[in-house]
Amino acid sequence: MMLTFISLASLGAWLWLYLARGGFWRADQRLGAAAPPAQWPTIAAVVPARDEAASIGAVVSAYMESDYRGALSLVVADDHSADGTADIAKSAAEGAARDIEIISVPDLSPGWSGKLWAVQAGLRQAADAAPDAKYILLTDADIVLAKDTITRLVARAERDNLALASLMARLDARGTWGALLIPAFIYFFQKLYPFPRANDPTENLAAAAGGCMLVRVNALRKIGGVEKIKGDLIDDCALARAIKDATPSTKIWLGLANDEAVSMRDNRALSSIWNMVARTAYAQLNFSPLLLAGTVLGMAFIYLTPPLVALTLGWHGDMTAALFALSAWAVMAYTYWPTLKLYCRPPWETAALPVAATLYTAMTFSSALRHWQGRGGQWKGRTY
């Protein structure tokens with residue numbers, strides 16, 4: 001009887017996620033096309049970079065080849081790179097018609113995360129280089145934009161009067177670990193921050209993807225710039241929250257990219273994905289042991305109960321419980337399928353979501369353990 005109740009509760013949880021969690025699972029928030037504005041505004045792009053020799057050349061080249069018809073300038077904020085990042089960026093921009101400035105970021109100021117301190121330095125330079133810029137494009141040094149991405153982002157922002165428009169970049173999903181974990185990462189992010197709700201100005205939810213964010217300059221000034229979030233490890237969502245909270249009518253938009261924005265960071269090794277998640281997972285839980293315990297128990301209940309009960313029918317013999325569990329597993333798989341399709345994965349991989357969920361739960365606990373050991377927030381040689 002207890003097993004039946006647990007299985008029914010798991011099915012109820014999945015039906016609630018399917019029906020009442022903002023349609024997160026549809027994965028249908030896409031950039032699309034928008035009519036060009038009457039006048040293309042000036043754009044200044046800021047790329048913080050620290051030891052990004054493997055990708056910075058392709059990133060800068062993509063900016064230089066953008067088809068954006070308005071004024072577009074680029075600032076690469078080199079944050080004490082030791083691998084020749086600045087020289088590679090300069091070489092990639094040689095002969096291009098676009099304006100580019102490569103600056104050295106000052107020593108890290110107390111209270112700032114390294115990335116945001118580099119962004120702050122880039123913003124100062126951009127204000128001097130493009131004082132009439134209407135938008136700032138904040139992107140990462142491993143995100144390659146398609147030729148028309150900036151054009152389409154600006155057209156969308158102008159049409160919908162957006163204060164912030166961002167794209168969740170397409171991540172590297174090669175190899176066994178990438179195929180198993182990266183689509184699941186995108187799925188879990190959508191579940192945590194349902195894109196349709198974040199994009200609804202009447203909803204009290206905000207989210208952004210830091211790899212590609214187009215921010216209206218006056219909106220950034222209204223919140224006091226990035227200094228307002230200077231210590232946040234999950235800085236993209238913190239920025240979205242601050243901007244959306246500025247006025248009741250402020251509109252933001254977050255969508256999924258296909259080839260519009262592509263990450264060059266290699267995710268074939270489990271350690272790459274593990275470190276990416278462990279860096280911020282405990283911060284997402286506000287460093288709360290209670291929230292950590294609740295998360296571990298909740299993930300086990302939602303993702304592990306259905307397959308465990310269904311696959312152990314021969315042991316427990318409760319057919320009713322197994323049917324409820326199979327139904328829950330089916331709803332789980334159904335909600336995962338649209339995200340898997342985005343990554344061109346076969347339908348049968350929907351059944352592997354519980355395995356990915358188990359690994360992400362372990363990564364979250366690892367994040368807390370690192371924090372307790374004084375190694376939390378490690379990234380690019382720094383610990384926060």
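Which pairs have Cβ atoms under 6 Å, sit 6 or more apart or on different chains, and link a residue in the stretch 189-216 that is more than 22 Å from ILE136 (Cα to Cα) to one that is basic (Lys, Arg)? Correct list of pairs: PRO194/ARG21; GLU203/ARG197; LEU205/ARG197. Name every residue in the stretch 327-336 that is surrounded by fewer than 18 Cβ atoms within 10 Å (Cβ to Cβ) and closer than 18 Å to ASP28 by Cβ, in order of residue number. Within the stretch 327-336, just TYR334 meets the criteria. Considering every residue within the stretch 271-288, establish whether at least one is of a type in the set (D, E, K, R) and over 20 Å from ALA157 (Cβ atoms). Yes, the stretch 271-288 has at least one match.
Scanning the stretch 1-58 for residues that are hydroxyl-bearing (Ser, Thr, Tyr) and not in a loop (DSSP other than H, G, I, E, B) yields THR4, SER7, SER10, TYR18.
In the stretch 105-120, the residues that are among the hydroxyl-bearing types (Ser, Thr, Tyr) form Cβ pairs under 8 Å with partners that are open to solvent by 20 Å² or more (accessible area, probe 1.4 Å) and at pLDDT below 90, at six or more places apart or across chains, as follows: SER113/GLY231; SER113/ASP232; SER113/LEU233; SER113/TYR384. From the list ASP87, ASP28, the one residue that fits, being more than 25 Å from ASP235 (Cα to Cα), surrounded by fewer than 17 Cβ atoms within 10 Å (Cβ to Cβ) and not aromatic (Phe, Trp, Tyr), is ASP87. Residues in the stretch 75-132 that are in contact with a helix residue (DSSP H, G or I) (Cβ under 6 Å, 6 or more places away or on another chain) and in a helix (DSSP H, G or I): THR85, ILE88, ALA89, ALA92, ALA93, LEU116, VAL119, GLN120.
Taken together, the residues in the stretch 82-115 that are within 21 Å of ILE43 (Cα to Cα) and acidic (Asp, Glu) amount to 3. A count restricted to the stretch 93-115 and to residues that are open to solvent by less than 30 Å² (accessible area, probe 1.4 Å) and either touching a Ser or Thr at 6+ places or on another chain (Cβ under 8 Å) or not β-branched (Val, Ile, Thr) (or both) stands at 4.
Right, ALA82: out of contact with any strand residue (DSSP E or B) (no Cβ under 6 Å at 6 or more places or on another chain) and either open to solvent by 10 Å² or more (accessible area, probe 1.4 Å) or not basic (Lys, Arg) (or both) or not? For ALA82, the condition - out of contact with any strand residue (DSSP E or B) (no Cβ under 6 Å at 6 or more places or on another chain) and either open to solvent by 10 Å² or more (accessible area, probe 1.4 Å) or not basic (Lys, Arg) (or both) - is met.
Every residue, every condition in (1) within 13 Å of the chain's Cα centre (by Cα); (2) of a type in the set (Lys, Arg); (3) modelled with pLDDT of 95 or more, yes or no:
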position	(1), (2), (3)
ASN199	no, no, yes
ALA207	yes, no, yes
VAL215	no, no, yes
LEU220	no, no, yes
GLU227	no, no, no
GLY231	no, no, no
ILE234	yes, no, no
LEU239	yes, no, yes
THR247	no, no, no
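Inclusion of ALA53 among residues that are in contact with a Ser or Thr (Cβ under 8 Å, 6 or more places away or on another chain), among the hydrophobic types (A, V, I, L, M, F, W, C) and open to solvent by less than 50 Å² (accessible area, probe 1.4 Å) is warranted. Of all residues in the stretch 338-371, those being crowded, with 19+ Cβ neighbours inside 10 Å, among the basic types (Lys, Arg) and in a helix (DSSP H, G or I) number 1. Looking only at the stretch 135-179, residues that are in contact with a helix residue (DSSP H, G or I) (Cβ under 7 Å, 6 or more places away or on another chain), surrounded by fewer than 20 Cβ atoms within 10 Å (Cβ to Cβ) and over 22 Å from ILE56 (Cα atoms) come to 1 in all. Candidates in the stretch 12-25 are the residues that are in contact (Cβ under 8 Å) with a residue 12 or more places away in the chain and open to solvent by 20 Å² or more (accessible area, probe 1.4 Å); of these, the one that is farthest from SER81 (Cα to Cα) is LEU15. For the stretch 231-254, filtering for residues that are touching a helix residue (DSSP H, G or I) at 6+ places or on another chain (Cβ under 9 Å), of a type in the set (S, T, N, Q) and over 21 Å from ARG30 (Cα atoms) leaves 1. Restricting attention to the stretch 292-319, the residues that are open to solvent by less than 40 Å² (accessible area, probe 1.4 Å), in contact (Cβ under 8 Å) with a residue 40 or more places away in the chain, assigned to a helix (DSSP H, G or I) and not hydrophobic (A, V, I, L, M, F, W, C) total 4.
The values are calculated or read from the model by the stated rules, or taken from the named source; none is laboratory data. Quantities reported herein were computed from a predicted structural model and do not represent experimental measurements. Positions of Cβ are generated from backbone atoms using ideal geometry, with glycine treated the same way; all protein chains shown enter the neighbour counts. Protein only, heavy atoms only, side chains kept; ligands, DNA and RNA dropped before computing areas. Shrake-Rupley method; radii C 1.70, N 1.55, O 1.52, S 1.80 Å.
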